[in-house]
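Asks: Pasting in a structure now, in structure tokens, and then I'll have a few things to ask.
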Amino acid sequence: MSPEQFKAALSRWATGVTVITTRSRAGELAGLTASSFSSLSLDPPLVLFCLAHSSTTKPSFDAADGFAVNILSEGQKELSGRFAQLGGDKFQGVAWRPGLRGIPLLDHALATLECRIAQVHPGGDHSIVVGAVEQIHCGDEKPLVYYRGAYHAL
């Protein structure tokens with residue numbers, strides 16, 4: 001099996017799109033687009049996302065005690081692209097408000113889960129970051145969906 005075949009098979013899994021945001025203990029804001037997000041447990045409420053070791057945002061997440069999962073609505077394709085880029089000030093011109101620990105919560109997200117980092121586990125070329133959900137916010141928009149390399153609407 002080649003890496004291309006593996007990616008092609010995984011592209012057949014339709015996912016929602018999230019932007020994971022954080023604020024390091026030094027106050028630095030960071031965020032990244034992630035489709036590798038999942039619920040983990042209802043009791044206690046836990047979620048997880050996978051963070052590449054090569055990610056330029058990894059040092060900020062390593063220096064943070066929490067994160068927010070911003071589940072994007074269908075009108076937020078531009079945010080997905082912005083937070084998928086390497087480097088630069090991803091928050092410039094983006095509407096957000098501070099949540100717990102001052103972590104950015106993106107305006108107009110379909111849902112936002114504010115989390116305390118509970119555990120971090122090795123996972124190949126990624127770290128599996130487990131968050132204990134402390135607060136949620138839900139909207140009524142439609143979700144942004146990603147399937148076979150493109151955005152879709154329900």
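What follows draws every value from the coordinates through simple rules; no lab data is involved. Everything numeric in this text was worked out from a predicted model, so none of it was measured. We place every Cβ from the backbone using ideal geometry, glycine too, and count neighbours over all the protein chains shown.
Asks: Apply the a/c threshold of 1.5 to the C-alpha gyration tensor of the chain and tell me whether it is rounded, prolate or oblate.
Replies: Working: a/c = 1.33, a/b = 1.15, b/c = 1.16.
Judged from the Cα gyration tensor, the chain comes out rounded (a/c under 1.5).
Asks: Something else about it: Based on DSSP H runs of at least 4 residues, each adding -39500 (n - 2.57), what is the mean residue ellipticity at 222 nm of the chain after dividing by all its residues, to the nearest 500 deg cm²/dmol? Please list the in-between numbers first.
Replies: Working: 3 runs with 21 residues, N = 154.
Rounded to the nearest 500, the figure is -3500 deg cm²/dmol.
Asks: Calculate the dipole size of segment 1-144 relative to its Cα centre from +1 charges on Lys and Arg beta carbons and -1 charges on Asp and Glu beta carbons; express the result in debye to the nearest 20. Don't skip to the answer; put the middle values down first.
Replies: On the way: 12 positive and 14 negative charges, 36 e Å.
Roughly 180 debye, rounded to the nearest 20.
Asks: Provide the gained length on full extension for the span A9 to E28, in nm with one decimal, where the gain is 0.36 nm per separating residue minus the Cα-Cα distance. Show your work: numbers first, answer last.
Replies: Details: separation 19, 0.36 × 19 = 6.84 nm, distance 3.63 nm.
Extra length from A9 to E28 when fully extended: 3.2 nm.
Asks: If we sort 49-61, 115-127 on the protection proxy, mean other Cβ atoms within 10 Å, highest first, what's the order? List each step's numbers first, then the result.
Replies: Details: 49-61: 17.0, 115-127: 14.5.
Top to bottom by mean Cβ count within 10 Å: 49-61, 115-127.
Asks: For segment 76-154 and segment 12-47, compute the distance between their C-alpha centroids and round to whole Å.
Replies: 5 Å
Asks: Describe numerically, in nm with one decimal, the distance between label points set 7 Å from Cα along Cα→Cβ at K77 and at E134.
Replies: About 3.6 nm separates the two model spin labels.
Asks: How much length is gained on full extension from A84 to D65, taking 0.36 nm per residue of separation minus their Cα-Cα distance? Each step should come with its number before you reach the end.
Replies: On the way: separation 19, 0.36 × 19 = 6.84 nm, distance 2.21 nm.
The span from A84 to D65 would gain 4.6 nm if fully extended.
Asks: Still on this structure: Note the full-extension length gain between E141 and D125 as 0.36 nm times their separation in residues minus their Cα-Cα distance, in nm to one decimal.
Replies: Values: separation 16, 0.36 × 16 = 5.76 nm, distance 3.40 nm.
Length gained, E141 through D125: 2.4 nm.
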